[in-house]
1. If every alpha-carbon in region 287-331 counts as one equal scatterer, what log10 I(q)/I(0) does Debye give at q = 0.14 1/Å?
2. So which residue, out of Ala208, Ala277, Ala19, gets the largest mean-square fluctuation from a GNM of the chain using Cα contacts under 10 Å as springs?
3. Quick one: Cys121, Cys253, fewest Cβ neighbours within 10 Å first, how do they rank?
4. Could you give me the percent of Cα pairs per 10 Å distance bin for the chain, shortest bin first, beginning at zero and ending with the bin that holds the maximum distance?
5. In the chain, which longest range has no GluC sites (Glu not before Pro) that are both DSSP loop (not H, G, I, E or B) and surrounded by at most 14 other Cβ atoms within 10 Å?
6. Cross-link partners among lysines for Lys95, C-alpha distance below 25 Å, same-chain residues fewer than 8 apart left out?
7. Within 10 Å, at most 15 other Cβ atoms, and a DSSP state outside H, G, I, E, B define an exposed site. Report the longest part of the chain free of exposed chymotrypsin sites (Phe, Trp or Tyr not before Pro).
8. Can you compute the helix-only [θ] at 222 nm over the chain? Use -39500 (n - 2.57) per DSSP H run of at least 4 residues, normalise by all residues, nearest 500 deg cm²/dmol.
Amino acid sequence: MGRDLPVDLVRYARQVRFAPFGEEGQRRLRGSRALLCGCGALGSAIANTLVRAGVGTLRIVDRDFVELSNLQRQVLFDEADVEAGLPKAIAAAEKLCRINSTVTIEPVVADIEPANIERFCEGMDVILDGTDNFETRFLINDVTVELGLPWIYGGCVGAEGQSMTILPGQTPCLRCLMPECPAPGSTPICDTAGILGPIVGVIASIEAAEAMKILSGNLEAVSHSLTVVDLWQNQIRQMDVRGLRDQTDCPTCKHGEHPWLSGRSGSRTAVLCGRNAVQLSHPEASISLDELAQKLAGMGQITRNQFLLRLKVEGFELTIFSDARAIISGTDDITTARTIYAKYVGN
Ligand SMILES: [Zn+2]
């Protein structure tokens with residue numbers, strides 16, 4: 001029952017008892033810092049595991065807020081978070097602090113973009129993929145190869161999920177595996193294909209385990225396979241990727257190209273997976289939600305908390321964050337979303 005353990009390790013007694021991890025692994029994990037990109041389904045399960053395991057710092061970057069349809073698979077959130085309209089990073093941090101108060105949680109409400117990703121990576125030892133889109137994954141891949149930072153790719157849709165660990169310079173990167181980012185609409189997404197909760201738990205657990213190996217200094221235990229799990233077809237496949245880096249002439253990890261990272265400035269738009277919503281963002285901008293609330297008074301139904309302002313108007317719902325980013329629900333048309341944003345928020 002941990003009777004010989006130092007008091008600060010007692011809560012990790014069962015984990016320390018696992019010989020390949022041990023006290024040394026626990027101490028190294030506690031001194032480590034992980035960046036979680038996205039805190040939806042995969043992200044909340046990953047965060048839950050790593051914070052319970054005793055990672056030193058977990059920085060959580062997420063652009064979204066909690067909705068009722070998230071609760072089926074996003075294990076850190078509950079109905080009160082939906083009611084409060086909290087950003088996911090904030091709601092997650094509140095839960096995680098109660099789970100393990102010795103972990104430093106750094107919630108960041110933002111979209112991950114070329115203009116900010118290097119700042120989010122500062123001081124981090126590993127990056128975990130909790131995103132829902134390949135554009136962000138290729139951006140993560142660019143920056144990790146540039147910085148020599150390990151990252152763990154993971155994704156799920158339907159009842160299938162996959163994961164691969166990338167140690168830049170040593171193992172194949174995402175672009176060695178997929179030379180080009182899949183075009184929008186070319187891969188199944190949760191909006192159209194749906195998603196079952198259990199596959200999220202499987203892939204999140206693989207990602208968390210790989211992070212624990214890296215952060216505890218057990219690099220020899222890291223997987224060298226692309227793992228694909230299908231819980232409906234009852235299949236688990238492991239594809240050995242060790243030779244892939246030598247077989248390909250990867251522009252990113254062989255020639256130092258980083259096209260996603262170099263597409264830096266300007267406003268950006270993204271149609272959000274399965275949401276009938278569009279996100280507009282303005283890197284390096286900010287907005288006063290108080291002033292905006294005054295400006296919009298009487299124009300529609302307004303609700304707000306300290307993190308965001310929500311306006312229901314003309315059959316749309318605008319959720320505006322203090323970094324001038326907005327999610328416009330009720331359309332998947334970028335032009336319509338831009339028009340609504342310009343009308344009520346400005347340019
Ligand atoms: Zn590569």
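We did not get these values from a lab; they are worked out from the coordinates using the rules stated. Predicted, not measured: the structure shown is a model, and the values here were computed from it. So basically every Cβ, Gly included, is an ideal-geometry build from the backbone, and we count neighbours across all protein chains shown.
1. -0.27
2. Ala19
3. Working: Cys121 20, Cys253 24.
If I rank by nearby Cβ atoms, fewest first, I get Cys121, Cys253.
4. Calculated over all Cα pairs of the chain, the distribution is 5, 24, 33, 24, 10, 3, 0 percent.
5. On the way: sites that count: Glu122, Glu180, Glu284, Glu314.
Counting at most 14 other Cβ atoms within 10 Å as exposed, the longest clean stretch of the chain is 1-121.
6. Straight-line reach from Lys95, under 25 Å: Lys213.
7. Working: sites that count: Phe18, Trp232.
Longest run free of exposed loop sites: 19-231.
8. Values: 14 runs with 118 residues, N = 347.
After summing the helix terms and dividing by residue count, I get -9500 deg cm²/dmol.
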